[in-house]
Structure formats: structure tokens, C-alpha cells
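Take a look at the structure below.
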């Protein structure tokens, strides 16, 4: 697949800021653990709702250390990303290029259509919420970037 033009990428990453939640309910405590092996080492994940392994909607949160990089990849379904903490740098295309990223700060929300090639980098300790339709799948543009390949003998 070819990279999307920057104008299309900007339309897909229509970043909007939302006001702070003023509700008085308490969010359930999340159970954090290592992110699945499809992610580069260092990320932690917690399931907020649903089951990413099932064919149904789900929401997870990913906790990423400063400098964490997710190489160019795509998903079979649309996804919505919201920054909960830190700064998330997101770009579209087949090559990770920091100069071509959009900066998402706390409260920013963006959508990525299915099969769109994109990448991300955490600036500072970052937590993002990802909502999509399961089952979750992630395909790296460059198969050599897939951390599961390194684990194979």
C-alpha cells in the first residue's frame, strides 16, 4: 500500500480537544500488565471494557515510557485514540518520520481508518486509550519490525 498524502492524513487525524469530565463517578481500577507481544517491549496495557480477542467493541489503555516507538503498522478495523497522559506523536505512512508527526496532548482524540499505515512515538510517560472493534490485530508495514519475529528461533 502507498502512503496517504499529508492532507488525507490530517483529515483522518482530526484532532479535537474535549473539556474535562465533570462527572462524580469513580472509574474502576485498571489491572495493568505487559502489552501483548505484538507491541515492542516496554508498553503496559489494561482492558477498560470488552475483550480485544472477541469480535466486539473494546477499549484498552496503553502506558508507554518516554521515547517508546510503535513502527509503521495498520489494523483491519477503525480505531479511536485518546491521550490520557503525556504527549503522543502520530504520523501516517510507511516510514517513521518524527518531522511528519502530529502532536496529540492530553484530551486530544483522533481516528485512524482501517488499513491506514501509521506510527507513533511517546513523548514523556504517555497513556492512550484505544477503542476499536475486535478481534484486535496489528500488522507491521515492515515485517522485520514485528517484535514477535525477534522472539522466534
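Laboratory data are not the source of any read-out in this text; all were calculated from the coordinates shown. From a predicted model like this one, the values you see are computed outputs, not experimental measurements. Reconstructed Cβ throughout: ideal geometry from the backbone, glycine too, with neighbour counts over all protein chains shown.
P(r) for the range 80-130, from all Cα pairs and a bin width of 5 Å, is 5, 23, 32, 25, 14, 2 %, short bins first.
Can you tell me the equivalent ellipsoid semi-axes for the range 49-95? Use √(5λ) from the Cα gyration tensor, largest first, whole Å. Kindly include the intermediate steps, with their values, before the conclusion.
Working: eigenvalues 89, 50, 17 Å².
Equivalent-ellipsoid dimensions as semi-axes: 21, 16, 9 Å.
Taking the fewest neighbouring Cβ atoms within 10 Å as the starting point, the ordered list for 102, 97 is 97, 102. For the range 60-153, the pair-distance distribution built from all alpha carbon pairs, in bins 5 Å wide starting at 0, is 3, 14, 23, 26, 22, 9, 2, 0, 0 percent.
A crude spin-label estimate for the pair residue 84 and residue 54, with each label 7 Å from Cα along the Cβ direction, gives 2.1 nm.
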